[in-house]
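To start, the structure under review is shown below, and the notes come after it.
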Amino acid sequence: MDAVTYPNAEVVKFIQGNTIPLRVPFDAKPLSLKFNIKWTPTLIVLDPDGKERHRIVGFVSAEEMIPSLLLGIGKSYFERDQFSEALMRIERLLKEYPKSSSASEAIYLKGVCQYKGTHNPKPLREAYERLKAEYPESEWTKRAYPYRLIN
Amino acid sequence: MENKITWETDMKTALARARKEGKHIFLDFFNPG
């Protein structure tokens, strides 16, 4: 991470501008116990109250870091019922990083956010159709499979 | 902007900043070697 990902100028700009970066050794107690750290790197997105919302274990490339953080922040807003805030992050991810490994989960989450915000189920089916077309082998395409039946 | 991440090293400080600035915390558990 120190050799490749963190020196990347876009990664620096995003992390500094959108998060509070906090770095601690993997064995620093009590945090390592609280978060049950077993391997490094373990990268966690916490909401402003300190609750875990997204976790990645293992190396993340510079190309994947920003979309992964956008997904994590989007998930955090979703879990706190702030759907428009969640959609802003998800749509940025899908616009700027459509080939990232976070994109298929983002499409799924976009459909769910739109449904939760409006109670219109059509976005769920649209999410499935897009996943099927663009990411046919994705786990998220399988999870969205039931939505094909929505009219 | 300096091309380097400026890390907090203390959770209490990070949480205070997160609440004040309305941002999420990016927490990296790393191996200092």
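The values are calculated or read from the model by the stated rules, or taken from the named source; none is laboratory data. Because the structure is predicted, anything quoted here is derived from the model rather than measured. Note that each Cβ is placed from the backbone with ideal geometry, even for glycine, and that neighbours are counted across all protein chains shown.
Mind checking which residues of the stretch A:36-46 are within 7 Å of chain B (Cβ to nearest Cβ) and more than 17 Å from A:P67 (Cα to Cα)? Step through it out loud before you land on a result.
Initially, the stretch A:36-46 is screened for residues within 7 Å of chain B (Cβ to nearest Cβ), giving A:37, A:40-46.
Hits for the stretch A:36-46 are A:I37, A:T40, A:P41.
Select, from A:I15, A:I20, A:I44, A:I37, the only residue that is in a loop (DSSP other than H, G, I, E, B), surrounded by 19 or more Cβ atoms within 10 Å (Cβ to Cβ) and either free of Cβ contacts under 8 Å to residues at least 12 places away in the same chain or under 20 Å from the mean Cα position of the chain (by Cα) (or both). Steps first, please.
Details: A:I15 fails: in a loop (DSSP other than H, G, I, E, B); A:I20 fails: in a loop (DSSP other than H, G, I, E, B); A:I44 fails: in a loop (DSSP other than H, G, I, E, B).
Selected residue: A:I37, the only one of A:I15, A:I20, A:I44, A:I37 that is in a loop (DSSP other than H, G, I, E, B), surrounded by 19 or more Cβ atoms within 10 Å (Cβ to Cβ) and either free of Cβ contacts under 8 Å to residues at least 12 places away in the same chain or under 20 Å from the mean Cα position of the chain (by Cα) (or both).
Does A:K132 qualify as being surrounded by fewer than 19 Cβ atoms within 10 Å (Cβ to Cβ) and among the charged types (D, E, K, R)? I'd like the intermediate steps shown before the answer.
Numbers: surrounded by fewer than 19 Cβ atoms within 10 Å (Cβ to Cβ): yes; among the charged types (D, E, K, R): yes.
Criteria met by A:K132.
Test each condition in (1) within 20 Å of B:N3 (Cβ to Cβ); (2) charged (D, E, K, R); (3) not in a strand (DSSP E or B) for A:K29 and report the one that comes out false.
Only one criterion is unmet by A:K29, namely (1).
Run A:S68 past the list (1) under 23 Å from A:I20 (Cβ atoms); (2) out of contact with any Lys or Arg (no Cβ under 9 Å at 6 or more places or on another chain); (3) away from chain B (no Cβ under 14 Å) and report the number of the one that doesn't hold.
It is condition (3) that A:S68 fails.
If you go through the stretch A:69-100, how many residues are in contact with a Ser or Thr (Cβ under 8 Å, 6 or more places away or on another chain) and surrounded by fewer than 22 Cβ atoms within 10 Å (Cβ to Cβ)?
1
Would you confirm whether or not the stretch A:59-69 contains a residue that is outside any helix (DSSP H, G or I) and farther than 24 Å from A:P7 by Cα? First the steps, then the outcome.
From the stretch A:59-69, those outside any helix (DSSP H, G or I) are A:59-61; that's our starting set.
From what's left, farther than 24 Å from A:P7 by Cα: none.
Scanning the stretch A:59-69 turns up no residue that is outside any helix (DSSP H, G or I) and farther than 24 Å from A:P7 by Cα.
Does the stretch A:23-30 contain any residue that is more than 9 Å from every other protein chain (Cβ to nearest Cβ), crowded, with 18+ Cβ neighbours inside 10 Å and at pLDDT 95 or above?
Step one: list which residues in the stretch A:23-30 are more than 9 Å from every other protein chain (Cβ to nearest Cβ), which gives A:29-30.
Checking which are crowded, with 18+ Cβ neighbours inside 10 Å leaves us with none.
Checked the stretch A:23-30: no residue is more than 9 Å from every other protein chain (Cβ to nearest Cβ), crowded, with 18+ Cβ neighbours inside 10 Å and at pLDDT 95 or above.
Residue check, A:K51 against (1) more than 14 Å from every other protein chain (Cβ to nearest Cβ); (2) closer than 27 Å to B:R19 by Cα; (3) surrounded by fewer than 18 Cβ atoms within 10 Å (Cβ to Cβ), all met but one. Which one?
(1)
Please work out if A:E139 is surrounded by fewer than 14 Cβ atoms within 10 Å (Cβ to Cβ) and farther than 24 Å from A:K51 by Cβ. Steps first, please.
Details: surrounded by fewer than 14 Cβ atoms within 10 Å (Cβ to Cβ): yes; farther than 24 Å from A:K51 by Cβ: yes.
Criteria met by A:E139.
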